[in-house]
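J.: Before we start, here is the structure in question, set down as C-alpha cells.
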Amino acid sequence: MAVNLTANAIPAIINGDVDAKPLVQVLDIATIQSTKNSQTERYRLLLSDSVLSHHAMLAAQLNEKVKTGRIKKGTIVQLLDYICTPFQNRKIIMVLNMESIIPDCEIIGNPKSFVDSELPVQKELCDNTVQSSFSGNNNNLAAQNRGSNVQNFRPTVQPAYKPPPVYKGRGAVVKNEAPAGVIPIAALNPYQGRWAIKARVTAKGDLRRYNNARGDGKVFSFDLLDSDGGEIRVTCFNAVVDRFYDAIEVGKVYLISKGNLKPAQKNFNHLKNDWEVMLDLNSTVELCPDEDGSIPRQQFSFRPISDIENVENNAILDVIGVVTFVSPTVPILRKNGMETQRRILNLKDNSGRSVELTLWGEFCNREGQKLQETVDAGVFPILAVKAGKVNEFSGKSIGSISTTQLFINPDFPEAQSLRSWFDQVGKDSASLSVSKDITHGGPKNEIRKTVSQIKDEGLGRSDKPDWITLRAAISFIKTDTFCYTGCPLMIGDRQCNKKVIRSGDTKWQCDRCNQEFEECDYRYLLQAQILDNTGLTWVTAFQEAGEEIMGYSAKDLYVLKYEQEDVEKFGNIIKSRLFNQFVFRLKIKEELYGDEQKVKITVVKADKVNYSAESRYMLDFISKLCRQ
C-alpha cells in the first residue's frame, strides 16, 4: 500500500501556512521536562514530509495521544491545528491539534533535516543544499529500511519547493485573502474551507477553570443566533479566552470567521445544532457597529409547566410563569468547599401546575433580589426562563445554569396572555405542584413536618440523619449551661472549637491543639424546648443557630451573667425569647449516650417567621387537602 505524504509540507508550514492540514510522518519522539514545572512533561516530535524533516512541539493537551500509543515513531498523522513560531534563533512547529491516520508505518523516503537558511525568500529552494544535523539518525532509519524484508512505502516524487510570487508593495501572496461570504448558521458544515457568520450573542457563559490529565486550563462559551433563527455555540480555550472573553457582550452582533467546526457535546450543549464552533488564535471576531434589526434578540421555545412532569432529568428547556413566591437567599457550601448562594422561586401558569425554580450564584442577587422585592410588595411578576435545567428529586424542579437567562415582565405575547389569565382567574385558582412539597428556601430533602411526626414516624432512627423543617415556638430555655468555652485556634481553614479548660489564672488550654492562649471563644450550647399545636420536644442549638434565636452573642450573655452579675437583665433577655415563633431547620439523628440510644435533634437554622410566605404555604396546603 503506497502512502503519499503531503508534498512540500515542511517548508510550507515554516513559510507560514496554517490551512493545508497536511499528512506527515512522525520520525522520532523525545520527552522534554519543563524548566518551570518539573511535573509537566512536553513532547518534541520530528516530523517528515518524506523529503524534509523538522522539529515540532506537541501541545500539552495532546500528551495523552503519546502516552496511550496512538502517536509513536512511524505514525502517519494529519495536522489539523498548527503554527510555526521563532524559538531561540530558529523556527519550531507548534502542533495544537492532530489526528492519527495510520498508527504503524515504515519510514517513508530518506528525509533530510530542514534548516532555516533554506527558507525561501526571493528564489527557488535547491534541495541539494540541505545539510542535516540529524543525518545520522535518518541515515540509520533508511539503512534499517533497506535491510528489512517488510514492504517499504516509496515516497512520491516531490518537486523542489517554490515560494509564491512576490508583488511590489504586497509581499508574498500565499492564499486568497478575500473575505469569506456570510452564510446562515444552519448551512455550516465541517467540509467548508472558508466561511463567515453574522449573528447576535444571546448568552455568555462564565469563565471556568479546570484541571485534568492534560493540565490546567480555562474555557468559556457563548451562544449565537442569526436572522434565519439558526443557533450555535462557540467555545474558546486558554489563550483564545484571553483574546475574546472581554470582547464578547450579550446582545451585540458580530461577524465571526476562521473557526473550526466540531461535533456538539450534547451533555453540555442544549442548542438545536449538531455542530459547535471552536475558535483559535487565527479566528476573527468583528463587532458590527450598526444594529441589525433582522436578527432577533432572543429565541424561545416555551413549554407548559404541566409538560415538565414528563421531561427527562437534566433536560434544558424554556418556561414562562407567574412568580408567586420568592425565598430569601441562603448560603450553600458546595462539595469543592466553595460557598455559593441559592434562592428558590415558585412559578405557576395556566396549565394548572406550578414548579420550583432554583437560582444559583449571581442570579440570587440580581434578578432574585428584584423579584423578592416585587413579590413582597404584593405584585406577582411574569418571569421567562431561557435554558433552565430540569432536576428530578421526588418530583421535578428547574435550576439555573451558567447560560440561563431570566426576563422579568418581558414584552412577549406569551407574557401578555399569562398576565391576563392571572389577573382574571389565576390569582385565586389553586395549582398542583410538580415539585416535591418542601419548605421554600430549604434544601431539597427538607420536608415540612410537625413535632408529633418526629416521634410518630420514627425520624432519625435510620443510618442517615433526617432533615426536616417545622414552625414552632420556644417554650423553655436552659440557662445554667447555655454556652461553653471553645478553642479559637484555626486548624487549616476551620476553627478548632474544642472545649478548653483553665491553665493557671490567665490562660486557657486546648487538649486537641496542645496549646495555651490568653483569650478563649464563647460558643452557644443552647438547650431549649419548642412546641407547636401537636406537641413539644427538646432541641440543641449551637453557635450560629443560638445567635439567631437569642439575638446576642454567647460572650455577651456570659459577661452579663457571670462577670457583671446582672441577673435581672439576663433574665429579661431570656424571657423575651420565649413564645417567639421560628421556622426551624432540624437535623435528627439517633446517637449513643453511654449504653442508651437517644434521638438528638439539632437546630441547624432558625429563621424568623415570614407571615406572608407562611400564609401562602398554608393556602396551598389547604388547596391540596381539598383536592384529595
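J.: Mind checking which aspartates and glutamates have their Cα closer than 18 Å to the Cα of LYS218? Skip sequence neighbours fewer than 8 apart in that chain.
T.: ASP206, ASP242, ASP246, GLU276, ASP280
J.: Sticking with this structure for a sec: Which of the peptides 260-269, 60-69, 350-359 is most tightly packed, and how do the rest follow, judged by the mean count of other Cβ atoms within 10 Å per residue?
T.: Per-residue Cβ counts within 10 Å, averaged per peptide and sorted highest first, yield 350-359, 60-69, 260-269.
J.: Please list, in chain and number order, the residues 5+ apart from ALA315 or on another chain whose amide H is under 5 Å from its amide H, with Hs placed from the backbone.
T.: VAL390
J.: Quick one: length gained pulling TRP538 to GLU64 fully straight, 0.36 nm per residue minus the C-alpha distance?
T.: 164.8 nm
J.: Shifting gears a bit: Subtracting the Cα-Cα distance from 0.36 nm times the residue separation, let me have the gained length for GLN299 to ASP511 in nm, one decimal.
T.: Gain on extension, GLN299 to ASP511, equals 70.0 nm.
J.: What percent of all Cα-Cα pairs in region 490-553 falls in each 5 Å bin, counting up from 0?
T.: Distribution as computed: 4, 14, 19, 17, 16, 13, 8, 5, 4, 2, 0 percent.
J.: For a quick protection proxy, order the peptides 233-241, 423-431 by their average other-Cβ count within 10 Å, most packed first.
T.: Highest mean packing first, the order is 233-241, 423-431.
J.: Can you pull the percent of region 328-435's accessible area that's carbon plus sulfur, 1.4 Å probe, other chains left in place?
T.: 48 percent
J.: Just grab the label-to-label distance for TYR593 and ALA196, each label 7 Å out from Cα along the Cβ direction, in nm (one decimal).
T.: 7.8 nm
J.: Oh, and also: Would you please state which residues of region 273-311 a label at ALA247 would reach in this model, taking the label point 7 Å out along Cα→Cβ and a backbone N cut-off of under 15 Å?
T.: Answer for region 273-311: 278-289.
J.: For LYS427 and CYS626, what does the FRET efficiency come to when R0 = 25 Å and r is the distance between their Cβ atoms, rounded to the nearest 0.05?
T.: Here the calculated transfer efficiency is 0.90.
J.: Could you put ARG523, ARG243 in order of accessible surface area, largest first, with the 1.4 Å probe and the full protein assembly present?
T.: Ranking ARG523, ARG243 by accessible area, largest first, yields ARG243, ARG523.
J.: Roughly how many nanometres apart are two label points built 7 Å out from the Cα toward the Cβ at PHE268 and PHE579?
T.: Going by the 7 Å Cα→Cβ label model, 5.9 nm.
J.: Each label point is 7 Å from the Cα along the Cα-to-Cβ direction; what then is the distance between the points at ASN310 and SER417, in nm?
T.: Taking the simple label geometry, ASN310 and SER417 are separated by 1.9 nm.
J.: Would you work out the Kirkwood radius for region 241-400? I mean one over the mean of 1/r across all pairs of different Cα atoms, in Å.
T.: It works out to 18.3 Å.
J.: Let me ask something else. Could you rank the peptides 43-51, 582-590, 276-284 by their average count of other C-beta atoms within 10 Å per residue, with the highest value first?
T.: 43-51, 582-590, 276-284
J.: While we're here: Taking every Cα atom in region 247-320, find the radius of gyration and the maximum pairwise distance Dmax, and write them in Å.
T.: 16.2, 47
J.: Region 473-569: which GluC sites (Glu not before Pro) are DSSP loop and have at most 14 other beta-carbon atoms within 10 angstrom?
T.: Passing both the DSSP loop test and the Cβ count: GLU518, GLU519, GLU565.
J.: On to the next question. Convert each backbone phi in region 354-371 into a coupling constant with the Karplus relation 6.51 cos²θ - 1.76 cosθ + 1.60 (shift: θ = phi - 60°), then list the ³J(HN,Hα) values in order as whole Hz, x for Gly and Pro.
T.: Couplings: 10, 8, 8, 10, 9, 9, 10, x, 5, 4, 5, 8, 8, 5, x, 5, 5, 5 Hz.
J.: Evaluate E = 1/(1 + (r/R0)^6) for GLU518 and LEU560, where r is the Cβ-Cβ distance and R0 equals 22 Å; express this FRET efficiency to the nearest 0.05.
T.: The computed FRET efficiency comes out at 0.55.
J.: Accessible area per residue, 1.4 Å probe, Å², for region 245-320: what's the number?
T.: That works out to 58 Å² for each residue.
J.: Could you name the lysines in cross-link range of LYS21, using Cα to Cα under 16 Å and dropping any fewer than eight places away on the same chain?
T.: Those lysines meeting the cut-off are LYS175, LYS258, LYS262.
The values are calculated or read from the model by the stated rules, or taken from the named source; none is laboratory data. Note that the coordinates shown come from a computational prediction; the quantities given were computed from them, not determined experimentally. Every residue, glycine as well, gets a Cβ built from its backbone with ideal geometry; the counts of neighbours run over all protein chains shown. When the accessible area is computed, the model is the full protein with side chains, heavy atoms only, and any ligands, DNA or RNA have been set aside. Shrake-Rupley method; radii C 1.70, N 1.55, O 1.52, S 1.80 Å.
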